[in-house]
Structure formats: structure tokens, C-alpha cells
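What follows is a short report on a single structure.
The values are calculated or read from the model by the stated rules, or taken from the named source; none is laboratory data. If you're wondering where the values come from, they're calculated on a predicted model, not measured in any experiment. Glycine gets a Cβ as well: all are built from the backbone with ideal geometry, and neighbour counts include every protein chain shown. Side chains are part of the model used for accessible areas, which takes the heavy atoms of the whole protein and leaves out ligands, DNA and RNA. Shrake-Rupley method; radii C 1.70, N 1.55, O 1.52, S 1.80 Å.
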Amino acid sequence: MRAVLAEDQFLLRDGLIRMLQAYDFEIAAAVDNGPDLLRALVAERPDVAVVDVRLPPTFTDEGLQAALQARRELSGLPVLVLSQYVEQLYAKELLADGNGGIGYLLKDRVFDPDEFIDAVHRVARGGTAMDPEVISRLFSGGSTARERTISRLTARELEVLEVMAEGRSNAAIAERLVITERAVIKHTSNIFTKLDLPTSDDDNRRVRAVLTYLKDSEGAAE
């Protein structure tokens, strides 16, 4: 699997390169600024991009904007964004196109190799990998949109969907919530029905359910 990496701090970039290579990723390019990132993504067309939000020259959101521009040019390009802090605006922009293959992790997660690599794989497969703190921040507050859609779900279904947003499997959801996998499957089916998601590939419906949840939650936080 080929990856493009963007991180301006040399030691962290070098560490990420070594970690990804240790898990059999090929590093197609490793850059330290926004313009080089955009060029690398368009030229290399990687299986996944791992991108620091803030890159030179201004250290604002060059990494995110370069990734979003590449995603517009290369439809569905999987992008995993790394950030020091939860920024609701960044999450909103990442979710805006309504497609999967996206992730937003706090940099602290990088120090758990298994968790980080699992997130990279999920995003590369077209799924989602949202940091629990990002989900918590997005889901604060209330709105009319949320009441129309998300309030159809029971408290337990919301819990299942929240863990699903992290990209977890049925088994992992069951373990986290201390319920059976059969119960998770039942709740997931109910979620699909209540969110009016038509029958299709199950992984695709999971992504669409998560995006519905996150986008309504993001609207709630505004």
C-alpha cells in the first residue's frame, strides 16, 4: 500500500516513515509543506495520505487545504488528518463532501502504533477513523437538524454509532459497550433503517451512517 506523508517536524516525520514502513507501507513521498504535498498527491496518486493539518509556510491549515484540493482532483482520495488539537472547522471541511475515506486523529494517537496503523488501513479502505475527542466535540450542543435525524435513534443506538464513527468493528463495539455482537448487529440494522439508508454494501452503509451522524453533530456544535 502506497502512502504520501506530510509533516513539517523532522523527527516526527522520520518516525512516521519508519512506522509505516514497518507495517509494509511504501512511502511514495514525504514532504514538509503544503505546496509540495499537493504536487505529491496529484503526481503519486497514493492509496492513502497522512497529513498534518498545519504546514509551512504559514502554519495554519495548509496541509488540510492541500489534501482537500487533491481530493477534489482525485475523487475519493483517502485522507487521514493529524492535528495537535481538535478544530471543529477542520473537521467540518473534511466532512463537507459527504464521502468516506477520511480520518481525523489527534497526534497523541500516533504513539500507539497498532491503533494508528489500524486507522490508516480503515481510511485507505474508504472507511472512517475519527478520534473520540473529535466526536465528543462535534456532538456537543443541539440543533434542529440533529433533532430531525439523530434523535430518531435510541440512546444505545447512538452509543453504537459513536463507536462506529471511530471505525471499530462489530466485535470491538460489542467489547466497548459490553454487549453481544448479535446486539450490535441488531442496533446497526435499526440505525440504517432510521437514517433512511437504502440497502447496499454494508461497509458503505456504515460509512454513510457515520457521515450522517458526524455532519448533523457538526451542525449541532455551530
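Listed values, structure above:
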read-out: Test: residue in the stretch 186-201 that is at pLDDT 90 or above, aliphatic (A, V, I, L, M) and open to solvent by less than 30 Å² (accessible area, probe 1.4 Å); value: no
read-out: Check on E73, open to solvent by 50 Å² or more (accessible area, probe 1.4 Å) and in contact (Cβ under 8 Å) with a residue 40 or more places away in the chain; value: no
read-out: Filtered residue count, the stretch 69-93, keeping only those that are in a helix (DSSP H, G or I) and of a type outside the set (G, A, S); value: 9
read-out: Criterion violated by A171 - all others in (1) over 21 Å from the mean Cα position of the chain (by Cα); (2) among the aliphatic types (A, V, I, L, M); (3) at pLDDT 90 or above satisfied; value: (1)
read-out: Residue identified as farther than 16 Å from R109 by Cβ, touching a residue at least 24 places away in the same chain (Cβ under 8 Å) and surrounded by 17 or more Cβ atoms within 10 Å (Cβ to Cβ) among V81, V51, V31; value: V31
read-out: Among residues of the stretch 94-108, those that are assigned to a helix (DSSP H, G or I) and more than 19 Å from V4 (Cβ to Cβ), counted; value: 2
read-out: L37 being of a type outside the set (K, R) and either farther than 18 Å from I102 by Cα or open to solvent by 70 Å² or more (accessible area, probe 1.4 Å) (or both); value: no
read-out: Residue, nearest to I179 (Cα to Cα), within the stretch 141-160, restricted to residues that are among the aliphatic types (A, V, I, L, M), modelled with pLDDT of 80 or more and surrounded by 15 or more Cβ atoms within 10 Å (Cβ to Cβ); value: V160
read-out: Residue in the stretch 113-124 that is small (G, A, S), open to solvent by less than 10 Å² (accessible area, probe 1.4 Å), at pLDDT 75 or above and outside any helix (DSSP H, G or I) present; value: no
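Residue-wise test of (1) of a type in the set (D, E); (2) within 26 Å of I135 (Cβ to Cβ); (3) without any contact (Cβ under 8 Å) to a residue 24 or more places away in the chain; (4) assigned to a helix (DSSP H, G or I).
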residue: L11; (1), (2), (3), (4): no, no, yes, yes
residue: I17; (1), (2), (3), (4): no, no, yes, yes
residue: P35; (1), (2), (3), (4): no, no, no, yes
residue: P56; (1), (2), (3), (4): no, no, no, no
residue: L64; (1), (2), (3), (4): no, yes, no, yes
residue: A67; (1), (2), (3), (4): no, yes, no, yes
